[in-house]
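Engineer: Pasting a structure here, questions to come.
Nothing in this text is a laboratory measurement; each read-out follows from the coordinates by a stated rule. These numbers were taken from a predicted model, which means no experiment stands behind them. So basically every Cβ, Gly included, is an ideal-geometry build from the backbone, and we count neighbours across all protein chains shown.
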């Protein structure tokens, strides 16, 4: 949904990058319970994948629009790149396959 919003209201979306980064970070920091069932683990993994998909799309849009100085977003992007490198690599592989 957010990727569609980028297309419809790019400027407004880019203005809110810092608050989006806070929400994404909260989502990515969530940990499943130790006694979580398979369905809960799959739901958690999908939540991470979709958040990272939106992160990559927003970052590309921000770079393409020349947005700089968004300290909250830049900090989040660096944090996400180091903490979720495997997910980013999987997303890059999916994009190459398309």
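Engineer: Among the residues of the range 65-89, write down those that are within 15 Å of residue 49 (Cβ to Cβ) and without any contact (Cβ under 8 Å) to a residue 12 or more places away in the chain.
Structural biologist: Selection gives 85, 86, 89.
Rundown of residues vs (1) closer than 17 Å to residue 20 by Cα; (2) under 13 Å from the mean Cα position of the chain (by Cα); (3) in a helix (DSSP H, G or I), yes/no style:
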site	(1), (2), (3)
57	yes, yes, yes
67	yes, no, no
72	yes, no, yes
75	yes, yes, yes
79	yes, yes, yes
91	no, yes, yes
94	no, no, yes
